[in-house]
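Visitor: Sharing a structure below in structure tokens format, with a few things to ask.
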Amino acid sequence: DPLRSDIARELALRGHTVHEHVGGASFRCDLGLVSEDGSDFALGILIDGGTYDSARKVYERFVFKPSILRAFGWRVIDIPSHSWRQDNGHVIALIEAELDRGAQPYGDDDPFTDIPLPASVSVPVTAPKGPAAQEVAPPSEGDWQTFRFRKGTSDKFWRVALRGTDLVVNYGRSGTKGQSVTKSFDDEGRAKREMNKLILEKTRKGYAEE
């Protein structure tokens, strides 16, 4: 891909270590920038250079794929191909600014949405329907499994609770109410598996259970 190679070359000229076409299956990043200590990828870059002939493909490319990558620990930024052609210097500046942000809550702790939400707002991704649907009570304090990340100036919490088929995540900076997101699954077994997967990902990132 000439566009991908052009961006990789410019980043390499600025001293960054860059790998092309990083990842597995259909969840690859066009580019992966290696962290300064070389231990991991600091940032993934998705390049929008295709055409999308259906709403489903648009959703998969711009919502589903970035959400999955972030849920598995990737920090990603999306670069439209026309932006690179119009002003590649501005694009490089955006990429380096994102690198400088460090490990922030942006898209990291919330596995269900790419849109930052106001504090203490709970958004059900899927809601029960039909006359037989029953509203599930919100989690009580005893329902939560709480994890905390402290490193340098970063002090964040992340907690998860299971209520029937609803999986609730609450996260943010310590001392705040944070943001809450709810996702509903077809059965409790699937919800439990997803919760365990999320907990594993958080502990791999350095979160410790309290």
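Visitor: Going through segment 89-102 one residue at a time, which ones are surrounded by 14 or more Cβ atoms within 10 Å (Cβ to Cβ) and either farther than 14 Å from H16 by Cβ or touching a Ser or Thr at 6+ places or on another chain (Cβ under 6 Å) (or both)?
Guide: Answer for segment 89-102, where residues must be surrounded by 14 or more Cβ atoms within 10 Å (Cβ to Cβ) and either farther than 14 Å from H16 by Cβ or touching a Ser or Thr at 6+ places or on another chain (Cβ under 6 Å) (or both): just V91.
Visitor: Taking the options S39, S81, name whichever one is among the polar types (S, T, N, Q) and closer than 17 Å to R204 by Cβ.
Guide: The match here is S39.
Visitor: What residue, of K156, K151, K129, K192, is among the basic types (K, R), under 22 Å from the mean Cα position of the chain (by Cα) and modelled with pLDDT under 85?
Guide: K151
Quick grid of which residues meet (1) in contact with a strand residue (DSSP E or B) (Cβ under 9 Å, 6 or more places away or on another chain); (2) buried (at least 17 other Cβ atoms within 10 Å of the Cβ); (3) modelled with pLDDT under 90:
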position	(1), (2), (3)
V22	yes, yes, yes
L31	yes, yes, no
D37	no, no, yes
T51	no, no, yes
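Visitor: Please specify each residue of segment 13-42 satisfying the condition of being among the polar types (S, T, N, Q) and within 19 Å of the chain's Cα centre (by Cα).
Guide: Those that are among the polar types (S, T, N, Q) and within 19 Å of the chain's Cα centre (by Cα): S26, S35.
Visitor: A further question follows. Would you confirm whether or not segment 67-89 contains a residue that is of a type in the set (A, V, I, L, M, F, W, C), more than 18 Å from the chain's Cα centre (by Cα) and modelled with pLDDT of 75 or more?
Guide: Yes, segment 67-89 contains a residue that is of a type in the set (A, V, I, L, M, F, W, C), more than 18 Å from the chain's Cα centre (by Cα) and modelled with pLDDT of 75 or more.
Visitor: Filter segment 153-210 down to the residues that are in contact with an Asp or Glu (Cβ under 9 Å, 6 or more places away or on another chain), open to solvent by 20 Å² or more (accessible area, probe 1.4 Å), part of a loop (DSSP other than H, G, I, E, B) and not aromatic (F, W, Y) and list them by number.
Guide: Answer for segment 153-210, where residues must be in contact with an Asp or Glu (Cβ under 9 Å, 6 or more places away or on another chain), open to solvent by 20 Å² or more (accessible area, probe 1.4 Å), part of a loop (DSSP other than H, G, I, E, B) and not aromatic (F, W, Y): G164, T165, S174, G175, K205.
Visitor: Now, a different point. Residues of segment 1-19 being acidic (D, E) and open to solvent by 80 Å² or more (accessible area, probe 1.4 Å), which ones?
Guide: D1 - this is the single residue of segment 1-19 that is acidic (D, E) and open to solvent by 80 Å² or more (accessible area, probe 1.4 Å).
Visitor: Kindly state which helices (runs of 4 or more DSSP H) lie completely within segment 1-99 and contain at least 1 residues that are in contact (Cβ under 8 Å) with a residue 12 or more places away in the chain and of a type in the set (V, I, T).
Guide: In segment 1-99, the matching helices (runs of 4 or more DSSP H) lie at 2-13, 65-71.
The values are calculated or read from the model by the stated rules, or taken from the named source; none is laboratory data. Since the structure is predicted, the reported quantities are computational estimates derived from the model, not experimental observations. We place every Cβ from the backbone using ideal geometry, glycine too, and count neighbours over all the protein chains shown. Keep in mind that these areas ignore ligands, DNA and RNA; they rest on the heavy atoms of the full protein, side chains included. Shrake-Rupley method; radii C 1.70, N 1.55, O 1.52, S 1.80 Å.
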